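The values are calculated or read from the model by the stated rules, or taken from the named source; none is laboratory data. Because the structure is a prediction, the values reported are computed rather than measured. Quick reminder, even Gly has a Cβ in these numbers, built from the backbone with ideal geometry, and neighbours come from all protein chains shown. Ligands, DNA and RNA are stripped out before the accessible areas are found, and what is left, the full protein with its side chains, is counted by its heavy atoms. Shrake-Rupley method; radii C 1.70, N 1.55, O 1.52, S 1.80 Å.
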Amino acid sequence: QVQFVESGGGLVQPGGSLSLSCAVSGSIFSIYNMGWYRQAPGTQRELVALITRGGSTNYADSVKGRFTISRDNAKNTVYLQMNRLKPEDTAVYYCNTDCLLAWGQGTQVTVSS
């Protein structure tokens, strides 16, 4: 059973930065395409960034140029570097494969002055 443990969230002022990490256990991490998703109150969960097995990346238009997804297959970990954060980035952030396995607890990101 694949498990995801997200960390690194917190409270940050607009324009600030945060770095999220997601440790993946229970399977062969390197075979998966991995994504970061977020869900704000009252909204559906959305995909914000994806990194393929081969390292290609894709981003939602709302975060393009501000967020960077990366992975370390040796550490079974996927990262999300978030810069120039905006209040509308406030959400719980989750990682998962593109096949959407069981969700982890997520990590709360709050952007507010």
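Quick check on segment 75-113: of everything there that is assigned to a strand (DSSP E or B) and open to solvent by 20 Å² or more (accessible area, probe 1.4 Å), which residue is nearest to V48 (Cα to Cα)? Don't jump to the end; show me each part of the working.
First, the residues of segment 75-113 that are assigned to a strand (DSSP E or B): 77-82, 91-97, 107-111.
Among the residues that remain, those that are also open to solvent by 20 Å² or more (accessible area, probe 1.4 Å) are: 79, 81, 92, 94, 108, 110.
Numbers: Y79: 12, Q81: 12, V92: 12, Y94: 10, Q108: 15, T110: 16 Å.
Among them, the one singled out is Y94.
Picking from V63, V12, V92, which residue would you name as being under 22 Å from S112 (Cα atoms) and touching a helix residue (DSSP H, G or I) at 6+ places or on another chain (Cβ under 8 Å)?
Exactly one of V63, V12, V92 is under 22 Å from S112 (Cα atoms) and touching a helix residue (DSSP H, G or I) at 6+ places or on another chain (Cβ under 8 Å), namely V63.
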